[in-house]
Amino acid sequence: MTDATHPHALESRTDEGAQELKPRRKREVVVTGGLWPEDDLGDTMIINMGPQHPSTHGVLRLMMELDSEEVLRVKPVIGYLHTGMEKTGEELTYVQGGTNVTRMDYAAPLSNELVYSMAVERLLDLDVPPRATWIRMMLVELNRMSSHLLFQATNGMDIGAVSMMLYGWREREEVLRYLEFVTGLRMNHNFIRPGGVAADLPDGWQERVLELCDTVDRGAREYEELLSDNPIWRERTVGIGLITTEECLARSITGPILRSTGFAWDLRKAQPYLAYDEVDFDVVYGVNGDVFDRYRLRLSEIFESIKIVKQCVEKMPKGDFRAQDKKVTPPPRARIDESMEALIHHFKLFTEGFKVPAGETYVAIESPRGEIGCYMVSDGSGKPVRMHIRGPSFYNLQSIEVMGTGSLVADAVAIVSSVDPIMGEVDR
């Protein structure tokens with residue numbers, strides 16, 4: 001629908017409501033001492049980038065007001081991928097919930113599973129065995145590596161370094177193969193569950209993960225050599241998409257975007273969980289808060305994750321891989337063929353689930369994109385009465401308006417890519 005009194009106004013209505021972005025008239029331009037000959041040429045233009053665009057890593061729509069190639073304003077519009085996962089979570093038992101949340105941030109599904117499981121365990125007041133804790137930590141760091149490798153691949157392609165798509169996919173593929181070796185699936189694992197993990201680590205896991213770390217380390221150093229001092233890459237990234245610490249904190253922006261401004265905030269150090277206080281690693285942070293810093297920071301975090309994974313191999317304790325609480329943990333599969341009681345126990349757990357004491361809690365961890373949190377309310381039944389996920393990409397999208405204003409259209413693609421949003425956790 002277009003306002004007849006303002007032919008350049010844009011107002012598109014949907015069943016969900018209206019999105020409106022009206023252009024501001026630019027000032028008259030003085031050319032060779034005179035006014036611009038036609039007043040209409042002084043108007044700005046509004047375009048849509050998306051909702052289907054290769055640089056947006058999902059179904060994101062950007063409404064832009066342009067003055068020629070300059071972006072005067074940009075507004076992210078979300079909701080094109082809405083899945084209703086939080087509402088679905090209220091209809092699933094605590095046992096079934098892991099299959100739901102793992103699909104939110106599909107580039108880092110294990111982080112989703114971890115924060116959900118930790119919230120359930122806190123309501124249950126359930127202690128997780130040390131081996132399960134270390135397995136979880138190793139897996140989420142491998143997942144952080146695969147997520148940042150995906151970023152290196154897609155970020156390179158978005159900005160024009162097409163070879164990076166091939167190289168980034170090459171190393172990420174090896175990480176996904178290892179995750180499949182451990183969990184049985186490349187993505188959406190449902191492996192981290194309330195009480196521990198689904199299964200113990202398979203034979204030969206140490207040798208394979210150390211070999212994987214060497215492969216990823218070698219590949220990531222090639223990326224650095226290819227891009228970091230490349231004059232074309234630096235021209236496209238240095239000083240582009242600037243944001244300050246104050247602007248991030250005002251918008252609850254976390255993760256690599258916040259750290260790129262010089263604020264070294266990482267929940268693994270600031271509020272340690274799992275066994276992060278028992279391993280040695282550095283919180284990487286930038287200085288300028290630009291596209292280049294966000295690229296370099298994620299590249300450096302790959303090396304820090306490799307350090308943590310190697311320490312997990314050295315310090316992995318023996319023992320149970322899940323809590324031996326029969327109210328929460330199903331019997332071993334071998335027992336199901338031998339015992340009718342074990343079969344009934346298994347059937348009851350996976351059909352009715354287990355009851356969780358009434359209460360509410362909030363648990364937050366550091367995902368590859370920032371703070372992901374799970375707020376959960378229990379009424380004492382086998383299903384949560386309320387589940388809300390604090391998806392970091394949802395808050396981080398606010399940075400596009402700050403960083404994109406005053407940029408060029410080509411730089412807007414680089415800026416969106418540097419945010420690294422995953423729309424599955426935005427439109428959850």
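For the stretch 56-128, what's the radius of gyration and Dmax over Cα atoms, in angstrom?
For the stretch 56-128, the Cα radius of gyration and maximum Cα-Cα distance read 18.3, 60 Å.
Using a Debye calculation, one point per C-alpha and no hydration shell, please list log10 I(q)/I(0) for the chain at q = 0.06, 0.12 Å⁻¹ in order.
So the normalised log intensities work out to -0.29, -1.00.
Which whole-number percent of Cα pairs in the stretch 330-374 have a distance greater than 15 Å?
Numbers: 622 of 990 pairs.
Result for the distance tail: 63 percent.
Give me the percent of the accessible area of the chain that comes from carbon and sulfur atoms, probe 1.4 Å, all protein chains in place. Let's see the in-between values first.
Values: 10030 of 19240 Å².
Roughly 52 percent, rounded to a whole number.
Hey, rough spin-label estimate for Arg177 and Lys315, points 7 angstrom out along Cα→Cβ, what's it come to in nanometres?
Once both label points are built, they end up 3.0 nm from each other.
Taking every pair of Cα atoms in the stretch 121-256, average 1/r, invert it to obtain the Kirkwood radius, and report Rg/Rh to two decimals. Mind dumping the intermediate values first?
Details: Rg = 18.5 Å, Rh = 17.4 Å.
Here the Rg-to-Rh quotient is 1.06.
Calculate, in whole percent, how much of the Cα-Cα pair population of the stretch 246-348 lies beyond 19 Å.
Numbers: 3231 of 5253 pairs.
For the stretch 246-348, the share of Cα pairs beyond 19 Å comes to 62 percent.
Could you work out how far the C-alpha centroid of the stretch 118-161 sits from that of the stretch 57-77, in angstrom?
First find each Cα centre; the distance between them is then 31 Å.
Kindly provide the Kirkwood hydrodynamic radius of the stretch 357-422 in Å, to one decimal, from all pairs of distinct alpha carbon atoms.
14.0 Å
If you build the convex hull over the alpha carbons only and average its shadow over all orientations, what do you get for the stretch 194-297? Give it in nm² to one decimal. Let's see the in-between values first.
Working: hull surface 37.5 nm².
With the hull built on Cα positions only, its mean projection is 9.4 nm².
Taking 7 Å along the Cα-to-C-beta vector as the label spot, tell me the Ala250-Arg234 distance in nanometres, rounded to one decimal.
Each label point lies 7 Å from its Cα, and together they span 3.2 nm.
Take the alpha carbon atoms of the stretch 229-278, find their radius of gyration, then divide it by 2.2 N^0.38 Å using N residues; give the quotient. Before the final figure, lay out the partial values.
On the way: Rg = 14.6 Å, N = 50, 2.2 N^0.38 = 9.7 Å.
That ratio works out to 1.51.
Please provide three numbers in whole Å: the alpha-carbon extents of the stretch 125-176 along the principal axes, with the largest listed first.
Extents along the principal axes: 50, 20, 9 Å.
Ranking request for peptides 348-359, 180-191: highest mean number of other beta-carbon atoms within 10 Å first, then the rest in descending order.
Working: 348-359: 14.9, 180-191: 18.0.
Highest to lowest by the protection proxy: 180-191, 348-359.
For the stretch 164-214, how big is the tail of P(r) above 15 Å, as a whole percent of Cα pairs? Intermediate results must be reported in sequence, preceding the final value.
Working: 674 of 1275 pairs.
Across the stretch 164-214, Cα pairs with separations above 15 Å total 53 percent.
What does the helix-only formula give at 222 nm for the chain: each DSSP H stretch with n ≥ 4 adding -39500 (n - 2.57), the total divided by the residues, and the result rounded to the nearest 500 deg cm²/dmol? Numbers along the way, then the final one.
Working: 17 runs with 189 residues, N = 428.
Helices in the chain give a 222 nm mean residue ellipticity of -13500 deg cm²/dmol.
To the nearest µm²/s, what D does Stokes-Einstein give for the stretch 280-428 at 25 °C and 0.890 mPa s, using the Kirkwood radius over alpha carbon pairs as Rh?
Working: Rh = 19.8 Å.
For these conditions, the coefficient is 124 µm²/s.
Tell me, what is the per residue accessible area of the chain in Å², probe radius 1.4 Å?
Numbers: 19240 Å² over 428 residues.
Per residue, the chain has 45 Å² of solvent-accessible surface.
The values are calculated or read from the model by the stated rules, or taken from the named source; none is laboratory data. Worth saying up front: this structure is predicted, and the values here are computed from it rather than measured. Quick reminder, even Gly has a Cβ in these numbers, built from the backbone with ideal geometry, and neighbours come from all protein chains shown. Calculation scope for accessible area: heavy atoms of the full protein, side chains included, ligands and nucleic acids excluded. Shrake-Rupley method; radii C 1.70, N 1.55, O 1.52, S 1.80 Å.
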